[in-house]
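Note sheet for the following structure.
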Amino acid sequence: MNLTPFLTAAAALLPALLMLAAALQPRGAALPSLWRRMQVLSVLAVAAALASLAATLIGPGAAGMPGLAMTTVGAWMAVLVQFLGTVIAFFSARYLAGEPGQPRYVAALGGVLAAVQVLLLADHWLVLIAAWAAVGLALQHLLCFYTDRPFALLAAHKKRVADRLADGLLLAAAGLAWNDLGSGSLSALSQAVQAGAASTALQASAVCLALAVVLRTALLPVHGWLIQVMEAPTPVSALLHAGVINLGGFVLIRFAPLLEAAPLARGLLVGAGLLTAILAGLVMLTRISIKVRLAWSTVAQMGFMVMECGLGLYTLALLHLIGHSLYKAHAFLSASGVVEDTRLRLMRGRMTPSLASMVVAPVLSAAVMAGVLAAVAAALPAPAWPWWWSGVLALAWAPLLWLPARGEADAPGVPRSVLTGAAMVVALVLAAQVGHALPFGVTDAPQHTAGLIALAGMGLLYLCLVRMQLPSPGLASWRRWSYAGFYVDEFVTRAALRLWPARWTAAH
């Protein structure tokens, strides 16, 4: 009897089991021992995830447990999530010192990480749905850690409503696919779609899946809860923004074969992602609070990542997911330093970019990118992305090359600003190209028509950004609307409370 597949699956499941053990620690244990065991188990889980990744890269085999399979993408994600979870566990022990309810926090944190690890292994619709629901249920305890903060409780309630709607859509997607194929296996689904054209039922399943991901990743119009959970402890914000919210991107990459056979689902992802990126990017410019700006930034980045998946640029979406996770974890866990830097910038005054630099910046960004891509193509067999994606990135990175208007106080010199911005563009392009050479096990399928729409949308966003930099009394009303998030969340909040009423204050 060959035990290798079973042992491989058991090793892949070990991080989840270790985190489950951390979650099930006795509540009455002394706090130092509780945190110490959590931290030790987290470190062991990182080591297990690394070993599983190595085994997958050396010789991936079929999982020996029903409903589970370690994919290459899943192995990379398992290492990322567990590493971030370990950092957050060490940070939380210091951050929550003296706070009541720490045993409950440790149990919920371990539960979230265990459920995420199972989700990354899921090879069956029921396992995927159950694991994703478990992530949300455990996360609710972290979001509601401060039970005396009504806005945090409201945000958690809105997330609960969105999660239950997403669960319903996932069940519908599973039912359609299972009924059509006679199996709930995700591997069988991928093989069936790759072998021939997707049926109407499978395309409908893909649409339900896309809608569920939109709800789970806090895209417009259900983004409000992600902004308002800022009242939860800072390490919870780091876990949410750096890990949990990114799971939608992983699921889309996991279902890439199904999405490629469902044009309507891809169009839905591109449209929802692009609209979210545009509106959230505009709102972010009007906010002053560091944590709120970071939250709106996450909404915009999730929109951008979902759009990448809809465009078939799965490798870039995965790189975006990894980079965003690492950046947001650092940003939230070092928020005090960010606040100090921001105060210094505010004391110096707001820098107004010159109109000439804002016009030239996209062209210069595209030229720098083209030069780097040409050099990389000559040296490495790394695949280059479509030309329209270079245009999207040139517009997205153009603000790095903006120069302050003449006469601005404390403005850096023009050569230094241009060189710094160009160096950042070069670094980003090189990172993307190196990422394409890594063994992620992802195959891209660019959608050129949708890509042109994305390019037009990014052009519109850039024009709006430029317009908002120019002094004009006529922009006051637009800024008020932008600051208010275009009042989308107010409408969704009322709808959520009608659909599922809730009360957090005592009745008199």
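In the range 166-181, what residues are of a type in the set (A, V, I, L, M) and surrounded by fewer than 18 Cβ atoms within 10 Å (Cβ to Cβ)? Can you show your working first?
Looking only at the range 166-181, we keep the residues that are of a type in the set (A, V, I, L, M), and these are 166, 169-174, 176-177, 181.
Selection gives Leu171, Ala172.
Would you tally the residues in the range 282-298 being farther than 11 Å from Lys328 by Cα, part of a helix (DSSP H, G or I) and hydroxyl-bearing (Ser, Thr, Tyr)? Full working, then the answer.
Narrowing the range 282-298 to residues farther than 11 Å from Lys328 by Cα: 282-290, 292-293, 296.
Narrowing further to those that are part of a helix (DSSP H, G or I): 282-284, 290, 292-293, 296.
Adding the requirement that they be hydroxyl-bearing (Ser, Thr, Tyr) leaves none.
Result for the range 282-298: 0.
Residue by residue, here is whether (1) of a type in the set (A, V, I, L, M); (2) closer than 30 Å to Arg254 by Cα; (3) modelled with pLDDT of 80 or more holds:
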site	(1), (2), (3)
Glu308	no, yes, yes
Arg343	no, no, no
Val360	yes, no, yes
Ala370	yes, no, yes
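Among the residues in the range 109-119, are any assigned to a helix (DSSP H, G or I) and surrounded by fewer than 20 Cβ atoms within 10 Å (Cβ to Cβ)? No, because not a single residue in the range 109-119 is assigned to a helix (DSSP H, G or I) and surrounded by fewer than 20 Cβ atoms within 10 Å (Cβ to Cβ).
Look through the range 258-291, keep the residues that are within 20 Å of Ser199 (Cα to Cα) and small (Gly, Ala, Ser), and return whichever of them is surrounded by the most Cβ atoms within 10 Å (Cβ to Cβ). Ranking the candidates gives Ala265 first. Annotation note: of Ala93, Ala75, Ala55, Ala48, the sole residue that is in contact (Cβ under 8 Å) with a residue 60 or more places away in the chain and part of a helix (DSSP H, G or I) is Ala75. Residues that are more than 30 Å from Ala97 (Cβ to Cβ) and not acidic (Asp, Glu) number at least 2 in the following helices (runs of 4 or more DSSP H) confined to the range 182-247: 186-195, 200-216. Only one entry in Ala405, Ala356, Ala374 is at pLDDT below 90 and more than 25 Å from Cys464 (Cα to Cα), namely Ala374. Restricting Ala238, Ala201, Ala206, Ala212 to those that are farther than 28 Å from Ala502 by Cα and buried (at least 24 other Cβ atoms within 10 Å of the Cβ) reduces the list to Ala206. Within the range 469-476, one or more residues are surrounded by 14 or more Cβ atoms within 10 Å (Cβ to Cβ) and either at pLDDT 80 or above or among the polar types (S, T, N, Q) (or both).
Condition test on Leu34, is it more than 25 Å from the chain's Cα centre (by Cα), loosely packed, with under 15 Cβ neighbours inside 10 Å and modelled with pLDDT under 95? Walk me through it before giving the result.
Details: more than 25 Å from the chain's Cα centre (by Cα): yes; loosely packed, with under 15 Cβ neighbours inside 10 Å: no; modelled with pLDDT under 95: yes.
In short, no.
The values are calculated or read from the model by the stated rules, or taken from the named source; none is laboratory data. As the structure is a prediction and not an experimental result, all values here were calculated from the model. Quick reminder, even Gly has a Cβ in these numbers, built from the backbone with ideal geometry, and neighbours come from all protein chains shown.
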